[in-house]
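Undergrad: One structure is given below, represented as structure tokens, and several questions about it will come after.
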Amino acid sequence: MSEKNSKGTPTDLSGDAVEEISSNLRRLLADVLALYVKTKNFRWHISGRRFRDDHLLLDEQSTQIFAAPRAKNERSIMLRKKIIMAALICLIAGPLMAQESKVTSLMSKDLREFSGKEGLMITVEYAPGGSDPVHRHDAHVFVYVLEGSIVMQVKGGKEVTLTPGQTFYEAPNDVHVVSRNASSAKPAKFLVFFVKDKAAPLLVPVK
């Protein structure tokens, strides 16, 4: 045994084999550390109704990542795969949850002078970066911005950014191609008044 290895752990592996294994383990530990830091920090980029649950999930995953190097090699690899999949799910689901809009119904009234029609008033709240998919309403729609700023556009029209006190209108045959919060840092809230058929849905997705 060489002087260099005389104080090392006894092994029947050659010096080259020990160096190769050590090199691979260093890379593995570096990957685990990077994954741990990213998982631990990513929770601060998550918002939405499942904010607390997702924080606890990422805390649990980061703890398992930190413990993984002490596990047996095969088990460690399987655990890392599961952790990476969970992290990817959070990366995808986080932004989607953040985009959920909150709709509050304020008033609904039959318009007796207009057979089969009703008036409906709601508020819509967008989280930072929130938006709605392309849709139509099959109604006369009047929008009034209360807080923050929103971006609106109907098919064939110009994209406009609206701030508190400004308004927007959609005709029954309009397709609403852009409806989103203009800010990725602040929420937005607006009032919407519909004149629609009583049996018609409030929103119809458009592919």
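Just so it is clear, none of the values below were taken in a lab; they were calculated from the coordinates. Please read all numbers here as calculations on a predicted model, not as lab measurements. Heads up, the Cβs are rebuilt from the backbone with ideal geometry, glycines too, and the neighbour counts pull from every protein chain shown.
Undergrad: Report, in debye and to the nearest 20, how large the dipole of the range 120-207 comes out about its Cα centre when Lys and Arg carry +1 and Asp and Glu carry -1 on their Cβ. Don't skip to the end; give the middle numbers.
TA: Working: 9 positive and 8 negative charges, 21 e Å.
The calculation lands at about 100 debye.
Undergrad: Here's a follow-up. Enumerate by residue number the trypsin sites (Lys or Arg not before Pro) in the range 118-190 meeting two conditions: DSSP loop (anything except H, G, I, E, B), and at most 12 other Cβ atoms within 10 Å of the site's Cβ.
TA: Values: sites: Arg136, Lys155, Lys158, Arg180, Lys189; in loops: Lys155, Lys158.
Passing both the DSSP loop test and the Cβ count: Lys158.
Undergrad: Continuing with this model, one more query. Less than 11 Å Cβ to Cβ from Lys117, Lys/Arg counted +1 and Asp/Glu -1: what total charge do the surrounding residues give? Display every interim value, and only then the final one.
TA: Working: positive: Lys109, Arg112, Lys196, Lys198; negative: Asp110, Glu113, Glu118, Asp197.
For residues surrounding Lys117, the net value is 0.
Undergrad: Could I ask something else about it? Modelling each spin label as a point 7 Å along the Cα-to-Cβ direction, I'd like the Gln166/His135 distance in nm, to one decimal.
TA: 2.2 nm
Undergrad: Work out, in µm²/s and without decimals, the Stokes-Einstein translational diffusion coefficient of the range 101-205 at 10 °C, 1.306 mPa s, Rh from Kirkwood over C-alpha pairs. Display every interim value, and only then the final one.
TA: Details: Rh = 13.9 Å.
Here the translational diffusion coefficient equals 114 µm²/s.
Undergrad: Once amide H atoms are placed 1.01 Å from N in the peptide plane, what residues at a sequence separation of 5 or more from Ala182, or on another chain, have their amide H within under 5 Å of its amide H?
TA: Here Ser149, Ile150, Val151 satisfy the definition.
Undergrad: Highest mean first, how do 14-25, 195-206 rank when packing is the count of other Cβ atoms within 10 Å averaged over residues?
TA: Numbers: 14-25: 11.0, 195-206: 13.4.
Averaged packing, sorted descending, gives the order 195-206, 14-25.
Undergrad: Excluding Val134 itself, what net charge comes from residues whose Cβ is under 9 Å from its Cβ, given Lys and Arg +1 and Asp and Glu -1?
TA: Numbers: positive: Arg136, Lys155, Lys207; negative: Asp132.
Surrounding charge for Val134 is +2.
Undergrad: If we count every other residue with Cβ under 14 angstrom of Glu147's Cβ, Lys/Arg +1 and Asp/Glu -1, where does the sum land?
TA: Details: positive: Lys102, Lys186, Lys189; negative: Glu125.
Residues close to Glu147 contribute a combined charge of +2.
Undergrad: Can I ask one more? Compute the length gained on full extension between Ala200 and Leu146: take 0.36 nm times their separation in residues and subtract their Cα-Cα distance, giving the result in nm to one decimal. Could you put the intermediate results ahead of the total?
TA: Values: separation 54, 0.36 × 54 = 19.44 nm, distance 2.63 nm.
Extra length from Ala200 to Leu146 when fully extended: 16.8 nm.
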